[in-house]
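Derivation of every value follows stated rules applied to the coordinates shown; laboratory data play no part. Quick caveat: nothing in here was measured; it's all calculated off a predicted structure. Note that we place each Cβ from the backbone using ideal geometry, even for glycine, and neighbour counts take in every protein chain shown.
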Amino acid sequence: MGKMDWTPPATLFPAPVGEAIGSTPPRKGRRMRYLLLGSILVLTGGVWACWTWFRPAPPLAEGEEFYDDQKPLPEAEAFLRLLLDHQPVEALEKCLARYQREVRHGMTATLIKKERIYGQPAPPQEPVQEVIDLAVRGDVPDESGRTHIQVRMIWREGARQVLGSPVRGVLFVEEQGGGKDKILTYRPQALLRPEHYIALNDVSARSSSRYCVRDAGLYRGMLRTYTVWKQRHQAGRLQVHYLATEAVDFLDGRVCHILERSCPEPEVDPFEIGGTPNIRPGDQPADLGVVRVRIYLDAERWLQLGSELYRADGHLLASYYFRNVNLEPTFAPDEFTPEGLKRRVAALGK
């Protein structure tokens, strides 16, 4: 066979006149190329930031709040009897009422979570474990029924990457309400825009977590369970079984009442409490939906410390465990501010 003619491929930055292909370019030429590449990255990052800031996010659903009827709470044995007598919705009402009465100044905990978001990663690969320092305040409605939710999350392990840099911290402060407030994400290693704001219901927020950051914490976690179970109970479709009361090693050895709910078909959770199923066109309910839910209620404090969600194929869909729970935290004045977030992240890096 004869020799084939070969033409070198075009390059992104062609060699200047007089410079041979493959030779070492002069220092000035390299500097100009880096400046040009940097300008392109800055422009791209600016366009992306403007688009994520100004694009309209779908409205966030306003789920029904729970209102305490101020009736006396049952004793521990009577509370357990509610679970044994297949009255989990009423038991969760007691949990929420007790939290409202006893926890008025926020909470902190270590949140251990694993999630398949929109079915990813697909089995047999397991979700990455995330270890998060969580602080929540203002999630209990005030006398007027309004919330003033503040959430601060700092990742110790398993932080998700955005544009090549891990999101080490997230801050949400509810000021306007109605889903209008934005989330601050903090990527200290990012070269461009380490601090970035996204909408609560933005596609990037939905792609980073199964649940809205506004609903983080013990109280709204229980409120989510209560809301869904109450709806299924009213529809005559709630199937919950009491399994046991025992010490749970992975929840600091706390003694917990363990309940398990079965679903007749895969159910896809809403992103926010009271919302619609968070499923996209082309998604399969079997990949995103849950058919079995196991919850762990602290027998002493009536807190939902753990949740495990399973798919129809038996694989874990998500798990959430609250450890090192403090219901009487002392917050620094800047705790729920961008400066406080950055201070906390920096302290972890030392």
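Testing the spin-label approximation: label points 7 Å from Cα along Cα→Cβ at TYR118 and THR245. State their distance in nm.
Result for the modelled spin labels: 4.4 nm.
Among LEU60, LEU223, what is the fewest-to-most ranking by other Cβ atoms within 10 Å?
Working: LEU60 21, LEU223 24.
Ascending number of Cβ neighbours within 10 Å: LEU60, LEU223.
Taking the mean number of other Cβ atoms within 10 Å as a proxy for protection, how do you rank 69-75, 329-335 from highest to lowest?
Put in order of decreasing packing, that is 329-335, 69-75.
Give, in whole angstrom and from largest to smallest, the semi-axes √(5λ) of the equivalent ellipsoid of region 214-294, with λ running over the eigenvalues of the Cα gyration tensor.
Semi-axes (√(5λ), whole Å): 24, 16, 14.
Across region 244-256, in residue order, what do the Karplus-derived ³J(HN,Hα) couplings come to in whole Hz, using 6.51 cos²θ - 1.76 cosθ + 1.60 with θ = phi - 60° and x for Gly and Pro?
Residue by residue, region 244-256 yields 5, 10, 7, 6, 10, 4, 7, 10, 6, x, 5, 6, 10 Hz.
What's the local net charge at GLU130, with K and R +1, D and E -1, over the other residues with C-beta under 12 Å away?
Local net charge: +3.
At a temperature of 37 °C and a viscosity of 0.692 mPa s, determine how fast region 201-350 diffuses translationally according to Stokes-Einstein, using the Kirkwood radius over alpha-carbon pairs as Rh; express D in µm²/s, rounded to the nearest whole number.
D, rounded to a whole number, is 189 µm²/s.
By count of other Cβ within 10 Å, fewest leading, how are CYS263, CYS212 ordered? If you can, show how the numbers build up before the last one.
Working: CYS263 17, CYS212 25.
With the sparsest Cβ surroundings first, the list reads CYS263, CYS212.
Which distance in nm do the two modelled labels at LYS180 and ASP334 give, with both placed 7 Å along the Cα-to-Cβ direction?
2.9 nm
Among 230-236, 180-186, 138-144, how do they line up by average Cβ neighbours within 10 Å per residue, starting with the highest? Show your work: numbers first, answer last.
Values: 230-236: 12.7, 180-186: 19.6, 138-144: 14.9.
With the highest mean Cβ count within 10 Å placed first, the list reads 180-186, 138-144, 230-236.
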